[in-house]
Amino acid sequence: MTDFAATRTQFHLPEGVIYLDGNSLGPLPRAAVARVARTMQDEWGEMLITGWNKAGWMDKPMAVGNRIARLIGAEPGSVAMGDTLSIKVYQALASALEINAPRKVILSDSGNFPSDLYMAQGLCRTLGDGYSLKIVAPEEVMEAIDETVAVTMITQVDYRTGRKHDMAAITTRAQKKGALTIWDLAHSAGAFAVELAKAGADFACGCTYKYLNSGPGGPAFIYVAPRHQDRARPALSGWQGHDAPFAFDLDYRPATGAERMRVGTPPILQLAALEASLDIWDTVDMAALRARSLALTDQFIAGVEAACPTLTLATPRDHAMRGSQVSFRHPEGYAIMQALIARGVIGDFRAPDIIRFGFTPLYTTHDEVAKAIEILAEIMAKSLWDRPEFKTRKKVT
Ligand SMILES: *Cc1c(COP(=O)(O)O)cnc(C)c1O
């Protein structure tokens, strides 16, 4: 069992705020402040460059990857940290396409986050020679996996609707048709237990600043299944993924295992913040997390549907098809979200008409959900969103 009252006390949650956006940027783990300060003062400050050896900085990308591995059902040594998720998507795609030549089709769905699609489009342009990205509706992915598909690039949980794909079923189908799978876990890692090895996934990647609370710009992770590790050839072949970075060879020779997916110098300060968050995650039972996540999202769906008839649920009711977020549609969604934020309920808006709320069992309580429903109900009943200052779009929505 996990004591969620105890995990909540380990986060800094500003007074007067109900934070329902930890699916976009997790809050600050209290211990991260001292942890980062210690890394700066005791390691960077005192050790200077010797920190790479003395403080173990050089080993951090794989050591931290091993702690993420438990949360995503990955084998030890198969997860490397670094760069951003967009970069990791590109790396996984490039390696998978090379392994599965001569097939040339990347299959994705219209619920995928645009950056993943953009990275695929950029890679296809670079490769030329008939490579293409095929985008189908989320419900059509299974059917679309055929003998022409080289690799599926699917984000397990749709960032807008919170719809969750069946990883095991899609992976099994892909294997039957000879396609490789890349899973983007941006809205899965830390949202529920992911079982990459059990499903037989080939590649996966994700970010750590959402449910894993590493802070803005925190490093991404990439998973390479053990069977591919020694044949996956990094397209971004940087020196930190070289077999012997300090041999300074003129030719690239990949490191053994998933470590070859490292590119350049790792972000040590941001990894320190992530380690403070992972200290909390180490105490979390993933089955208890999922049970609480579903209870919180059920409560929100039922309460909002009862109190706000003009909002349309965009998230599946079926537990098996739901991540850890709830979204509603409304033509004035942007203004509604701004009105909520003005009242201290922080969620976000995704064009064209989605208001989105993340439910993060480590610190979200049932009392907060009840209060958020109450505030949203008042905003809708009295049209409190209908004011010019709530309709001016900001840079980040
Ligand atoms: C959040 C998110 C990203 C963001 O990528 P960055 O490179 O970290 O900015 C990419 N893909 C998906 C599916 C996401 O949800």
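The values are calculated or read from the model by the stated rules, or taken from the named source; none is laboratory data. Everything quoted here is computed from the prediction, not taken from an experiment. For neighbour counting, all protein chains shown are included, and Cβ atoms are generated from backbone atoms with ideal geometry for every residue, glycine included. The accessibility values were calculated without ligands, DNA or RNA, using every heavy atom of the protein model including side chains. Shrake-Rupley method; radii C 1.70, N 1.55, O 1.52, S 1.80 Å.
A few remarks follow.
- For peptides 28-41, 173-186, sequence by mean Cβ density within 10 Å, most packed first: 173-186, 28-41
- A simple count of charges around residue 48, restricted to other residues whose Cβ falls under 14 Å of its Cβ and scoring Lys, Arg +1 and Asp, Glu -1, yields -2.
- Per residue of the chain, the DSSP helices (runs of n ≥ 4 H) give a summed -39500 (n - 2.57) that works out to -11000 deg cm²/dmol at 222 nm.
- Three-way shape call for the stretch 131-209 based on the alpha-carbon gyration tensor, with the a/c threshold at 1.5: prolate
- On the chain, 56 percent of the accessible area sits on carbon and sulfur atoms, based on a 1.4 Å probe.
- Expressed as a fraction of 2.2 N^0.38 Å, the value expected for a compact globular protein of N residues, the C-alpha radius of gyration of the stretch 184-285 is 1.19.
- Exceeding the 23 Å Cα-Cα cut-off - candidates 176/198; 60/210; 88/134: none
- Within a Gaussian network of the chain (alpha carbon springs, distance under 10 Å), most fluctuating of 381, 189, 120: 381
- Helix 366-381 vs. the chain, principal-axis angle (Cα, 0 to 90°, nearest 10): 60
- Kirkwood-type radius of the chain, with distances r between different C-alpha atoms, in Å: 21.9
- Folded to 0 to 90 degrees: helix 333-342 orientation relative to the chain principal axis, Cα: 80
- With at most 12 other Cβ atoms within 10 Å, longest stretch of the chain clear of loop GluC sites (Glu not before Pro) (DSSP): 148-397
- Using θ = phi - 60° in the Karplus curve 6.51 cos²θ - 1.76 cosθ + 1.60, the 3J(HN,Hα) couplings for the stretch 112-124 round to 6, 5, x, 4, 4, 5, 4, 5, 5, 5, x, 5, 4 Hz; x is entered for Gly and Pro.
- Between amide H atoms placed 1.01 Å from N, distances below 5 Å from residue 11 occur with 30, all of them 5 or more places distant or on a separate chain.
- Among 250, 133, 296, the largest mean-square fluctuation in a Gaussian network model of the chain (Cα springs under 10 Å) belongs to 250.
- Remark: the Cα gyration tensor places the stretch 1-141 in the oblate category, a/c being 1.5 or greater and a/b not exceeding b/c.
- Sorting 156-166, 56-66 by their mean Cβ neighbour count within 10 Å, with the most densely packed peptide first, gives 156-166, 56-66.
- Using the alpha carbons alone, the radius of gyration of the stretch 335-397 stands to its Kirkwood radius in an Rg to Rh ratio of 0.97.
- Proximity of backbone amide H atoms, modeled 1.01 Å from N, is registered between residue 73 and 194, 196 at under 5 Å, excluding neighbours fewer than 5 places apart on the same chain.
- C-alpha long axis of helix 85-99 to longest principal axis of the chain, angle in °: 50
- Cβ-defined net charge surrounding residue 97, 10 Å radius [Lys, Arg +1; Asp, Glu -1]: +1
- The stretch 367-389 and the stretch 59-125: distance between their alpha carbon centers, rounded to Å: 39
- For the chain, the solvent-accessible area with a 1.4 angstrom probe is 42 square angstrom per residue.
- The Stokes-Einstein estimate for the stretch 56-281, based on a Kirkwood radius over Cα pairs and taken at 25 °C with 0.890 mPa s viscosity, is a diffusion coefficient of 141 µm²/s.
- Computed over neighbours whose Cβ is under 14 Å from that of residue 87, the net charge equals -1, Lys and Arg +1, Asp and Glu -1.
- Burial ranking of peptide ranges 240-247, 357-364 (average Cβ count within 10 Å, highest at the top): 357-364, 240-247
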